[in-house]
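Q: Handing you a structure now.
The values are calculated or read from the model by the stated rules, or taken from the named source; none is laboratory data. Note that the structure is a prediction, hence the values are computed from the model and not measured. In this analysis, Cβ positions are derived from the backbone assuming ideal geometry, glycine residues included, and neighbour counts consider all displayed protein chains. Accessible surface is based on the protein model in full, side chains and every heavy atom, while ligands, DNA and RNA are left aside. Shrake-Rupley method; radii C 1.70, N 1.55, O 1.52, S 1.80 Å.
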Amino acid sequence: MNDTLKLIHDRRSTRAFDDKPIPYDVVESLIKFTLRAPTAGNMMLYTILKVDDPEMKQKLAESCDHQPFIAKAPLLLVFLADYQRWYDYFLRSGAEELCKEKGMQPRKPGVGDLMLAVNDTLIAAQTAVIAAEALGLGTCYIGDILEKYEYHRDLFRLPKYVLPVTMLCVGYPRERDDDRPLTRRFDPKFVVQHNHYYRLEGLELDMMFKGLGPEKVEEGMPNFGQQMYLRKFASEFSVEMTRSVQAMIDSWNA
Ligand SMILES: Cc1cc2nc3c(=O)[nH]c(=O)nc-3n(C[C@H](O)[C@H](O)[C@H](O)COP(=O)(O)O)c2cc1C
């Protein structure tokens, strides 16, 4: 296996970080390589917030579903979908006036623009994950940054067309636990389909999920589907995430 493929294959989420701070030039490199990510129309529709203030990290550890390890990461990178700078630049450039002169209807950023910016933002985040690995750092995504929109908006002082999409904890792994088995994945035969979508059902569905679930389900849970529904889908954080993302979309469209 070549080095790049081995790095992708062996990556795992890091949730225990060494106290060692990340040297300035390593953070600079991480950002430099992250910004090489492909980006729609070369517009770079994202901003990366570097958070290293202990008080802010503590606040985020609480607001992101009470995950104490977040505060212990030396660096947090918050990936923000950002249409604000382009929209401000369009207005500053007199783009709307030209639009009207040409008989076209000026418009504001809509949900299509938001979705594209979210794509850009996530591609940058995953590029950061791979660059971090190559620099000897470990990372863990924090999806809970999608919760409590109003709180995070005020904490980061976000304008209307800037929304939090994901967050990465970054730092040197406390120990290299290379012996720990990698997390399981669906068998490729279920994930990759050919030309037309094929909706799995019945025993095929059971087979697919058998490959992903743990050897034993949690005590008190009759099966893996029920366990995941209660833990991940119907849980408080999940309901809050849906409320918060709806609030983001409403604010973007207001
Ligand atoms: C969008 C996204 C959100 C995630 N959010 C969290 C999180 O809030 N807390 C956490 O500990 N891990 C989080 N993770 C990490 C996943 O749990 C992890 O990637 C998954 O269990 C597979 O393990 P691996 O990364 O070690 O292969 C997140 C991952 C992704 C891609």
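Q: Can you flag which of K102/K160; K57/K232; K108/K160; K32/K108; K148/K232; K57/K148 are past 20 Å Cα-Cα? Display every interim value, and only then the final one.
A: On the way: K102/K160 28 Å; K57/K232 24 Å; K108/K160 11 Å; K32/K108 31 Å; K148/K232 17 Å; K57/K148 15 Å.
Where the Cα-Cα span goes over 20 Å, the pairs concerned are K102/K160; K57/K232; K32/K108.
Q: If you roll a 1.4 Å probe over the heavy atoms of the protein chains, what accessible area per residue do you get for the range 38-157, in Å²?
A: 52 Å²
Q: Summarise the accessible area of the range 157-254 (1.4 Å probe, protein heavy atoms) by the percent that is carbon and sulfur. Spell out each step's value before the answer.
A: Values: 4200 of 7470 Å².
Taking all protein chains in place, the range 157-254 shows 56 percent carbon and sulfur surface.
Q: Quick check: net charge around A71, other residues with Cβ under 14 Å of its Cβ, Lys/Arg +1 and Asp/Glu -1? Let's see the in-between values first.
A: Working: positive: R15, K57, K59, K72; negative: D19, D52, D53, E55, E62, D65, D144.
Within the 14 Å Cβ shell, the charges total -3.
Q: Would you please name the chymotrypsin sites (Phe, Trp or Tyr not before Pro) within the range 195-254 that are DSSP coil residues with at most 11 other C-beta atoms within 10 Å of their C-beta? Show your work: numbers first, answer last.
A: Values: sites: Y197, Y198, F209, F224, Y229, F233, F237, W252; in loops: Y197, Y198.
Counting only loop positions with at most 11 other Cβ atoms within 10 Å, the chymotrypsin sites (Phe, Trp or Tyr not before Pro) in the range 195-254 are Y197, Y198.
Q: Can you tell me which aspartates and glutamates have their Cα less than 13 Å from the Cα of K50? Leave out same-chain residues fewer than eight positions away.
A: Here the aspartates and glutamates satisfying the reach criterion relative to K50 are E28.
Q: Where in the chain is the longest stretch that carries no trypsin sites (Lys or Arg not before Pro) classed as loop by DSSP and with at most 13 other Cβ atoms within 10 Å?
A: Details: sites that count: R36, K102, R107, R157, R176, R184, R185, R199, K216.
The reported range is 37-101.
Q: Could you size up the charge dipole of the chain around its Cα centre, putting +1 on the beta carbon of Lys and Arg and -1 on that of Asp and Glu, and report it in debye to the nearest 20? Walk me through the numbers before you get to the answer.
A: On the way: 33 positive and 37 negative charges, 96 e Å.
Charge dipole, the chain, about its Cα centre: 460 debye, nearest 20.
Q: Hey, another quick one. Using a 7 Å offset from the Cα along the Cα-to-Cβ direction at both I249 and R36, what is the distance between the two label points in nm, to one decimal?
A: Once both label points are built, they end up 3.6 nm from each other.
Q: Using Cα positions and a limit of under 17 Å, work out the aspartates and glutamates in reach of K216, with same-chain residues fewer than 8 apart set aside.
A: Reachable aspartates and glutamates: D206.
Q: Pop out the ³J(HN,Hα) list for the range 204-217 in order, Karplus 6.51 cos²θ - 1.76 cosθ + 1.60 with θ = phi - 60°, rounded to Hz; leave Gly and Pro as x.
A: These are the phi-based 3J(HN,Hα) values: 4, 4, 4, 5, 4, 6, 4, x, 9, x, x, 4, 10, 6 Hz.
Q: Now a separate question. In whole percent, and with a 1.4 Å probe on the protein chains, what portion of the accessible area of the range 60-133 is carbon and sulfur?
A: 59 percent
Q: Let me check I've understood the local charge: for G41, count other residues with C-beta under 13 angstrom from its C-beta, Lys and Arg +1, Asp and Glu -1. What total comes out? Intermediate values should be presented prior to the final figure.
A: Numbers: positive: none; negative: D113, D120.
Summing Lys/Arg as +1 and Asp/Glu as -1 gives -2.
Q: From Cα pairs below 8 angstrom and at least 6 apart in sequence, can you work out the relative contact order of the chain, rounded to a whole percent?
A: Details: 321 pairs, mean separation 65.3, N = 254.
Taking the mean separation of contacting Cα pairs over the length of the chain, I get 26 percent.
Q: Using label points projected 7 Å from each Cα along Cα→Cβ, tell me how many nm separate Y89 and E62, to one decimal.
A: Distance between the two pseudo-spin positions: 3.8 nm.
Q: Using 0.36 nm per residue of separation minus the Cα-Cα distance, give me the extension gain between N223 and D179 in nm, one decimal. If you can, show how the numbers build up before the last one.
A: On the way: separation 44, 0.36 × 44 = 15.84 nm, distance 2.82 nm.
Fully extending the segment from N223 to D179 adds 13.0 nm.
Q: Hey, what number do you get for the chain at 222 nm if only DSSP H runs of n ≥ 4 count, each worth -39500 (n - 2.57), divided across all residues, to the nearest 500?
A: Working: 12 runs with 117 residues, N = 254.
Rounded to the nearest 500, it is -13500 deg cm²/dmol.
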